[in-house]
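The values are calculated or read from the model by the stated rules, or taken from the named source; none is laboratory data. None of the values given here were measured: they were computed from a predicted structure. Every residue, glycine as well, gets a Cβ built from its backbone with ideal geometry; the counts of neighbours run over all protein chains shown. Areas reflect the complete protein model, heavy atoms only, side chains present, ligands, DNA and RNA absent. Shrake-Rupley method; radii C 1.70, N 1.55, O 1.52, S 1.80 Å.
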Amino acid sequence: MLYRDFGKTGVKLSRLGFGAMRLPIQKDEKGRITGIDESTELIRYALDKGVNYVDSAFYYCHSESETAVGRALKGLPRESVFISTKNPLENACGSCWWLRLQLALRRLDCGYIDFYHFHGLSWDGYQTRCLGEGGPMAQARKAREQGLIRHLSFSCHDTPENCIKLIDTGEFDSLLVQYNLLDRQYAPSLHHAHEKGVGTVVMGPVGGGRLGVPSEVIARATGAVSTTEAALRFVWASPDIDVAISGMGDRRMVDENVATAERGEPLSDAEVARIDRLYDENKKLLDLPCTGCGYCQPCPQGVAIPRIFQYLQWHSAFDLKEASRQRYGWLGTGWEEKNKPAPACTECGECEPKCPQKIPIRAKLKEAHKILGETVKP
Ligand code: SF4
Ligand code: SF4
């Protein structure tokens, strides 16, 4: 396993982190939980192979992920593993935040958390819900003073610009954002963090499973054994990224990812360029010259035009059919609630004159929905 200095924290982390969000934990119709023992063994299996960073969250796996992580650590020197978990910022209530911290410590059955994240922090959420007397940020500082937290961190789905604002508050020792072959929007935020000595962790290096499926385009460009291998090697090619967490659900995935991490061969610049070239060539064939510039936004109905077109490009240019459909299916739900899928379009036409590529957006949205979204409701 390769290890790397983590920002200015003084700790060395394995380049591969264990994402404890796809553990084999199930809940049946009577609310009975199964799979914790199996999950515990799986995490332990990865730790035994040299992984030393485990990333969980309050609500992962029916809120049982932290428990599985805690059990996996039993019998190991506490300082040999770095626990990362997250407190959801559901309201501005500092005492609720504190309560969730106490609960996390109990579930993990340990005295402190190494990297405690504000889960899904936005710039707006930071300003309106974190600050203020007795608010979550004050509680977090107190927890750090009391030794319950070693480092304060945040995960982010806000814009890359707002992510940089959060880094510049100077409050956080590390951050966690999405970054992969298909989605590189946070590259400037990661670079900024790295320059400032803030530790960088990326989630979804294999596209939340999307790059776990075979892609002819990627395989041809890299010669990698699997798309997953190419995806991890792509992430590790960036000097700005310290750790990539991969949600691993069975031993086969652990073995494959650990083997890639151990080989330590990031994709070369030439291989990345080859992927990009093939992608661009296939995009041209698609006749959808969307550059993702975002000038068509905001749509009064919240239609996520650039994202929808990006998924259509993944579908056809990268041959990632299942992956792009899955991602499209998330639009309008969960944290994507404000980003609507194509059927929300009322055909007002406001967006089209703003598009520098002169894309017939309304017609293309219909086409995209036909291809990506048979199962998506308006
Ligand atoms: S035409 Fe559709 S996508 Fe474009 S601005 Fe109007 S509602 Fe939004
Ligand atoms: S303005 Fe045109 S090119 Fe830019 S994101 Fe919107 S559809 Fe794509």
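Brief remarks on what is shown
- Packing here is the average count of other Cβ atoms within 10 Å per residue, and on that basis the peptides 152-158, 198-204, 34-40, 179-185, highest first, run 198-204, 152-158, 179-185, 34-40.
- Where labels lie 7 Å past Cα in the beta-carbon direction, separation of Glu29 and Lys12 in nm: 5.3
- Of Lys27/Lys366; Lys338/Lys370; Lys27/Lys364, those spanning more than 32 Å from alpha-carbon to alpha-carbon: Lys27/Lys366; Lys27/Lys364
- Taking 0.36 nm per residue of separation and subtracting the current Cα-Cα distance, fully stretching the chain between Glu145 and Tyr59 would add 28.4 nm.
- Full-stretch length increase - Thr159, Glu38 - with 0.36 nm per residue and alpha-carbon distance subtracted: 39.8 nm
- Entry note, the stretch 101-187: relative contact order of 31 percent, from Cα contacts under 8 Å with a spacing of 6+ residues.
- Among the listed pairs Lys86/Lys196; Lys8/Lys196; Lys12/Lys49, those with a Cα-Cα distance over 19 Å are Lys86/Lys196.
- Residues listed by number, the stretch 1-29, amide nitrogen under 11 Å from Glu262 label point at 7 Å toward C-beta: 1-2
- Diagonalising the gyration tensor over the Cα atoms of the stretch 287-372 and scaling each eigenvalue by 5 before taking the square root yields semi-axes of 19, 16, 11 Å, largest first.
- Calculated diffusion of the stretch 3-267, Stokes-Einstein form, Kirkwood radius summed over Cα pairs, 25 °C and 0.890 mPa s, µm²/s: 132
- Helix screen, the chain: DSSP H segments with Cα axial length of 15 Å or more and mean Kyte-Doolittle hydropathy at least -1.0 are 36-48, 94-108, 269-286, 305-317, 361-372.
- Of the solvent-accessible surface of the chain, computed with a 1.4 Å probe over protein heavy atoms with every protein chain present, carbon and sulfur atoms account for 51 percent.
- Over the stretch 1-148, equivalent-ellipsoid semi-axes from the Cα gyration tensor in Å: 26, 20, 13
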